[in-house]
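The values are calculated or read from the model by the stated rules, or taken from the named source; none is laboratory data. Since the model is a prediction, treat every value here as computed from it, not as a measurement. Don't worry about glycine lacking a Cβ; one is built from the backbone with ideal geometry, like all the others, and counts go over all protein chains shown. Ligands, DNA and RNA are excluded from the accessible area calculation, which covers all protein heavy atoms including side chains. Shrake-Rupley method; radii C 1.70, N 1.55, O 1.52, S 1.80 Å.
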Amino acid sequence: MSRAFVKEADGVDVVETLPERPISAHPNFVTAEGLATIEAELERVHREHAQAQSANDRAALARTARDLRYWTSRRTTAQVIAPPIAGAEVQFGSTVTIERDDGRRQTFRIVGEDEADPGKGSISFVSPLAAMLVGKSVGDTIRIAGSEAEIIAIG
């Protein structure tokens with residue numbers, strides 16, 4: 001078949017179809033800071049969406065519309081969990097310090113999925129490490145990365 005009569009995209013009308021951002025099946029527990037982060041993301045994406053509309057940038061419109069759906073859903077389902085009262089037991093919002101067999105100490109705060117940033121010391125409450133820590137007390141041990149770690153502080 002001749003290609004002479006086939007319309008090819010010239011790039012102007014082509015907009016990549018973006019997959020939806022996955023929404024977790026877990027409850028959307030957040031700290032007060034996590035809720036503020038979600039609201040800030042919503043504001044940022046609203047601004048970007050308005051700019052994309054002004055510029056008639058279809059690719060940016062598609063991306064920001066997808067992000068608006070995600071952050072709106074996360075805001076709608078957010079359940080703010082009050083900070084824990086003096087840590088006798090690890091729970092959502094707790095800051096936990098563990099000491100590994102080799103003497104290394106690590107501190108983690110258990111937070112919502114959207115606010116977790118392991119590099120900065122916050123882990124999602126649905127992470128395997130958080131699951132091992134929740135319900136434990138100072139002096140309890142967990143098995144992590146093939147060795148034992150003791151909980152030495154809960155804040």
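Measure nothing but the geometry: give the 0 to 90° angle between the long axis through the Cα atoms of 58-77 and the longest principal axis through the Cα atoms of the chain, rounded to 10°.
The angle comes out near 30 degrees.
Can you grab the distance from the C-alpha centre of the range 104-140 to the C-alpha centre of the range 12-88, Å, no decimals?
Taking the Cα centre of the range 12-88 as reference, the centre of the range 104-140 is 23 Å away.
Which order do you get for Leu133, Leu18, Leu35 if you rank them by accessible area with a 1.4 Å probe, largest at the top?
On the way: Leu133 0, Leu18 55, Leu35 30 Å².
Per-residue accessible area, sorted high to low, gives Leu18, Leu35, Leu133.
State the answer as a single residue: which of His26, Ile110, Ser94 lies farthest towards the positive end of the charge dipole of the range 8-155, with beta carbon charges of +1 for Lys and Arg and -1 for Asp and Glu, about the Cα centre.
My answer, from the dipole projection, is Ser94.
Probe of 1.4 angstrom, ligands and nucleic acids ignored: what's the accessible area per residue over the chain, in square angstrom? Walk me through the numbers on the way to the answer.
Numbers: 9540 Å² over 155 residues.
Per residue, the chain has 62 Å² of solvent-accessible surface.
On the full set of protein chains, 1.4 Å probe, figure out the accessible area of Val134 and give it in Å² to the nearest 10.
Val134 has an accessible surface of roughly 70 Å² with all protein chains in place.
Between Ala55 and Ser127, take the C-beta separation as r, use R0 = 35 Å, and let me know the FRET efficiency to the nearest 0.05. List each step's numbers first, then the result.
On the way: r = 39 Å, r/R0 = 1.12.
Step by step, r from the Cβ atoms, then E = 0.35.
Rounded to the nearest 500 deg cm²/dmol, what is the calculated helix-only ellipticity per residue at 222 nm for the chain, with -39500 (n - 2.57) per DSSP H run of length n ≥ 4?
On the way: 3 runs with 50 residues, N = 155.
One gets -11000 deg cm²/dmol as the mean residue ellipticity at 222 nm.
Can you give the log10 of the normalised intensity I(q)/I(0) at q = 0.12, 0.16 Å⁻¹, computed with Debye over equal Cα scatterers of the range 102-155?
-0.26, -0.46
Where the accessible area of the range 51-155 is counted over protein heavy atoms with a 1.4 Å probe, how much of it, in %, is carbon and sulfur? Before the final figure, lay out each step's value.
Values: 2870 of 5700 Å².
The C+S portion of the solvent-accessible surface of the range 51-155 is 50 percent.
Which one is right for this structure if Cα Rg over 2.2 N^0.38 Å is calculated from it: [x] 1.23; [y] 1.49; [z] 1.32?
[y]
Helix 32-55 sits at what angle to the longest principal axis of the chain, using alpha carbons and giving 0 to 90 degrees rounded to 10?
That helix lies at roughly 10 degrees to the long axis.
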